[in-house]
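To keep things clear, I will list the structure first and then write my remarks on it.
The values are calculated or read from the model by the stated rules, or taken from the named source; none is laboratory data. Fair warning: this is a prediction, and the values are worked out from it, not measured in the lab. As a convention, Cβ positions derive from the backbone with ideal geometry for all residues, glycine included, and neighbour counts pool all protein chains shown.
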Amino acid sequence: MGDGLNDRVRIERSSSLRRALSSHLRSHQPLLAAAILSLLALLLGLTLVSPRAEADGGGSRPYELAQLGIVGTQGISYFTDCDDGGIQSNCGGAPAHWFEQDLPLPVCTHQFNRLSTLSADAFRSYVRDAAAMWNTTDAAVGFDYTEDCAFGFRWNGNNSQHEIGFDDSRNMVTGNAAAISRGSWFDIPIVGPLIDRRFVEFDVIIDQTIDVPEICTRSIIAHELGHVLGFGHSSDPLDLMYNSFDPDQPSTCPIEATETERSVIQDLYGVNRSPELEPLSNVQINPGDSVTIIAIGSDPEEDPLVYVWEQIAGTPVVLVVEGAEVSFTSPRSSGPAIELQVTVTDRFAHSAMETVRVSSEKPRGVPSFASFRAGTGALAGGVVLSWTELEGIATYEYCTSFPFSSAPLSCTNRANPFGEIDWGTVVTTAGSANQTRNFTGGVREVSMSACNTVGCTQHGVGPLVGGLEWPAWEMDFDYMAMAFDVPTAGIKFTIGGVTNISGPKRRFEIWVGSVSEPLQERILSCGFVKPGSTCIGLLTPKDDGHLTDLTIVSTRNGTPTTEQQIRIR
Ligand SMILES: [Ca+2]
Ligand SMILES: [Ca+2]
Ligand SMILES: [Ca+2]
Ligand SMILES: [Zn+2]
C-alpha cells in the first residue's frame, strides 16, 4: 500500500547533490592519491514520486552557454554543472570528461539484489544495447561493456571499477528514486584556476524495487550511461537526458540519444565515427575444404582496428584468426551452413559487423523461366531467354534438347541465367511471293540449372524455341512456344511469342489448334512487329483454347506467308 496520495505513479528524474571527499583510495593509484584533495563526487538520480513533486528542487535548467564556451542552444547541462542540485562552489566551469587513456570506458554489471522482474540476461542485454547506442553517437568516446564484473559481488565506490548494479542495505537510492549515477572526478590543476576535469570513477545504482515497463528500464540505463559520459540533465522532454518520465506513457522513455545530445557529446569529446566493413560474399565449398575469409574494414579517422571473428551457426569448427583473416577446415560431411560474424572495433569501441555464410550444400530451388525478349547492348541481334536468379550460385548451366526429350543435346556454363538461340531454319530458295510455307521442325527445348561447387539444381524448364532466316525475302525472326500445365491444380498456361530480329517489319499472329488443324483460334494479332521488337501472346487458366499446337503466322505484302507450327502438349 502506498501513501494513498495518487494512484498514478510518476517517475521523475531529479537529483540530489552530494559532495564527498574520497576517503580510502588505494595506494596503487598514485595519480588518484595525488588528486585526493580535489576528488569530487556527485550523484544524479531518477526519482520516483507520487504524486509528482519537486521535493528536492528537481527539474533541470538550461545551462549558461557562455560559461562553457560552447556554441549552440542546447538546454543540456554537463554532469559537473550540478544544475539539478543547486549551486555549489566546485561545480560549473570546465565539464568533466574521460581522458583518452581511459577509453573505451570499461563498465560491468553486478547481478546482486537485481530487480525480481528482470532476468540476468535481460539486464545484461539492456546495458549492452545502451552502451552500443552511445557508441554510435560519432563522438570520440565509447563504452566497453565487459558483462558481469570480475571483481566483487556488488557495486562499490572507490574500487576503480565502473559498475552498474542495484541498491541494497546501503540504501543509496532513497525515497522514491529509481536510479542514481555516482561520479567522481578531479580538477586540473588541483589548485588554482580550473582548466580541465577528469572523471575517475562512475557507478550506476538502480533501485531494486522499481516496477516500470521494459522500455522504461532500458531508458533508465541509457539515461544513466549518459551521465557516465558527462551529461547532466536536459530541459527538453524529448531528450534522453530529460529528468522525468512517466511509466504509464512509454513514449516518455526514450532509449536513444537525440540529435541535440549527439552534438553535445561530440562537442565534449570531439567527433569520431564508426569503422565500416565491406560486405562479405557468401561462400560455397566442398565438404572438408579449408576456407580463408578476409574482412576489409576501414575507419574514417584511420583508427587502428581490431577484428573479432565468431561462429554463429553450423557445426562448430576451429577458427584460426589472424587479424582481419579467419581460416578453418569445414566438416567432412555436408551439413548446415557455417555462419561467421566479424566485428571490427576502433579505438573507442565503435564497431561494425558483417556475417558470412559458408555452405557446402547444393543450391536450393529451381530457376524459373522469366522472359523471351530482344537482346540489347552486347546481346543485340538476337533473343535473350532468361530465368530467375538463385542465391549463392557460382554458375548457371544452359541446356538445349529436342522437343519432349529429357536428354540434353548440349549444355554450356554461364555467369548469368541467360540463354540464346543459336540455331535456326535457313531457307535458301526463294520460291514465289504468294506461297504459304508451314514449318514443323527446327525448335529445341531450353532449360536452365543453377550450380555451386557442390552441385546443381534441377533444370528449370523453358520454352520450345527456334528461328527462321529466309534471306530471299529479308525474313529473320526467332519464336517461342510453351505449355505450362499443373494438372493436379487444374492450371494451364499457353504462351507464344516472336521477336523480329533484323527483317523489315512484318505482321505476326499467334494461333492455337491441333496437329491437323493448327489455325483454330487466334489468341493474338501482334500487328506489325519492328526489328528488335517482341510480341508475346498468352492464354491463362481462365481462358479456353489450351490445345496441342501453337502456330506463329507471319505475313508481309509481297512476301510468302510463314507458319511455324509447334507441338506444345
Ligand atoms: Ca565502482
Ligand atoms: Ca533504496
Ligand atoms: Ca573511428
Ligand atoms: Zn539523470
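One line per residue, one yes/no per condition, for (1) in contact with a strand residue (DSSP E or B) (Cβ under 6 Å, 6 or more places away or on another chain); (2) over 14 Å from E163 (Cα atoms); (3) in a loop (DSSP other than H, G, I, E, B); (4) modelled with pLDDT of 95 or more:
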site	(1), (2), (3), (4)
Q111	no, no, yes, yes
S116	no, yes, yes, no
D121	no, yes, no, yes
S125	no, yes, no, yes
R128	yes, no, no, yes
A131	yes, no, no, yes
T137	no, yes, yes, yes
D144	yes, no, no, yes
E147	no, no, no, yes
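Taking the condition under 30 Å from N452 (Cα atoms) and without any contact (Cβ under 8 Å) to a residue 40 or more places away in the chain, does I294 pass?
The answer is yes for I294.
Can you tell me which residue among T137, T117, T109, T146 is within 24 Å of S263 (Cα to Cα) and hydroxyl-bearing (S, T, Y)?
Exactly one of T137, T117, T109, T146 is within 24 Å of S263 (Cα to Cα) and hydroxyl-bearing (S, T, Y), namely T137.
Looking at (1) farther than 12 Å from I76 by Cβ; (2) acidic (D, E); (3) buried (at least 21 other Cβ atoms within 10 Å of the Cβ), can you tell me which one E261 breaks?
Tallying (1) farther than 12 Å from I76 by Cβ; (2) acidic (D, E); (3) buried (at least 21 other Cβ atoms within 10 Å of the Cβ), E261 fails exactly one: (1).
Can you work out which of the residues in the range 264-280 that are buried (at least 16 other Cβ atoms within 10 Å of the Cβ) and within 25 Å of the chain's Cα centre (by Cα) is nearest to ligand 1 (Cβ to nearest atom)?
N272
Which of the residues belonging to the range 189-240 are on the phi > 0 side of the Ramachandran plot and touching a helix residue (DSSP H, G or I) at 6+ places or on another chain (Cβ under 8 Å)?
Across the range 189-240, the qualifying residue is only G230.
Anything in the range 378-410 that is touching a residue at least 40 places away in the same chain (Cβ under 8 Å) and over 18 Å from T457 (Cα atoms)? List them, or say none.
L379, A380, G381, G382, V383, L385, F402, P403, F404, S405
Among the residues that make up the range 532-545, is at least one of them under 24 Å from E474 (Cβ atoms), touching a Pro at 6+ places or on another chain (Cβ under 7 Å), surrounded by 15 or more Cβ atoms within 10 Å (Cβ to Cβ) and not acidic (D, E)?
Within the range 532-545, none of the residues are under 24 Å from E474 (Cβ atoms), touching a Pro at 6+ places or on another chain (Cβ under 7 Å), surrounded by 15 or more Cβ atoms within 10 Å (Cβ to Cβ) and not acidic (D, E).
For the range 280-291, state whether one or more residues are away from ligand 2 (no atom under 16 Å from the Cβ), over 30 Å from F79 (Cα atoms) and modelled with pLDDT of 95 or more.
No.
Confirm whether G175 is within 16 Å of ligand 2 (Cβ to nearest atom) and either in contact with a Cys (Cβ under 9 Å, 6 or more places away or on another chain) or at pLDDT below 95 (or both).
Considered against the rule, which asks whether it is within 16 Å of ligand 2 (Cβ to nearest atom) and either in contact with a Cys (Cβ under 9 Å, 6 or more places away or on another chain) or at pLDDT below 95 (or both), G175 comes out as yes.
Test V264 against the criterion of being touching a residue at least 24 places away in the same chain (Cβ under 8 Å), within 16 Å of ligand 2 (Cβ to nearest atom) and in the same structural domain as T80 (by TED's automatic domain parsing), and give yes or no.
no
Which is within 16 Å of ligand 3 (Cβ to nearest atom) and more than 20 Å from Y242 (Cα to Cα), of G157, G165, G142?
Criteria check complete, one pass: G142.
Given the range 295-397, what strands (runs of 3 or more DSSP E) lie entirely inside it while holding 1 or more residues that are surrounded by 21 or more Cβ atoms within 10 Å (Cβ to Cβ)?
Because the criterion is at least 1 residues that are surrounded by 21 or more Cβ atoms within 10 Å (Cβ to Cβ), the strands (runs of 3 or more DSSP E) in the range 295-397 that meet it are 306-313, 325-329, 338-345, 351-359, 369-374, 383-387.
Go over the candidates I210, I190, I220, I180 one by one and state the one that is in the same structural domain as N113 (by TED's automatic domain parsing), part of a loop (DSSP other than H, G, I, E, B) and crowded, with 24+ Cβ neighbours inside 10 Å.
I210
For the range 147-174, enumerate the residues that are farther than 21 Å from D102 by Cα, surrounded by 14 or more Cβ atoms within 10 Å (Cβ to Cβ) and out of contact with any His (no Cβ under 9 Å at 6 or more places or on another chain).
Matches in the range 147-174: D167, D168, M172, V173.
Being small (G, A, S) and under 43 Å from the mean Cα position of the chain (by Cα) is the filter; apply it to the range 407-431 and report the residue that is surrounded by the fewest Cβ atoms within 10 Å (Cβ to Cβ).
Among them, the one singled out is A415.
Across the range 215-263, which residue is nearest to ligand 3 (Cβ to nearest atom) among those that are charged (D, E, K, R) and within 30 Å of the chain's Cα centre (by Cα)?
Within the range 215-263, the match that is nearest to ligand 3 (Cβ to nearest atom) is R262.
Filter the range 183-201 for residues that are in contact with a Leu (Cβ under 8 Å, 6 or more places away or on another chain) and closer than 11 Å to F79 by Cβ; which is nearest to ligand 4 (Cβ to nearest atom)?
Within the range 183-201, the match that is nearest to ligand 4 (Cβ to nearest atom) is G183.
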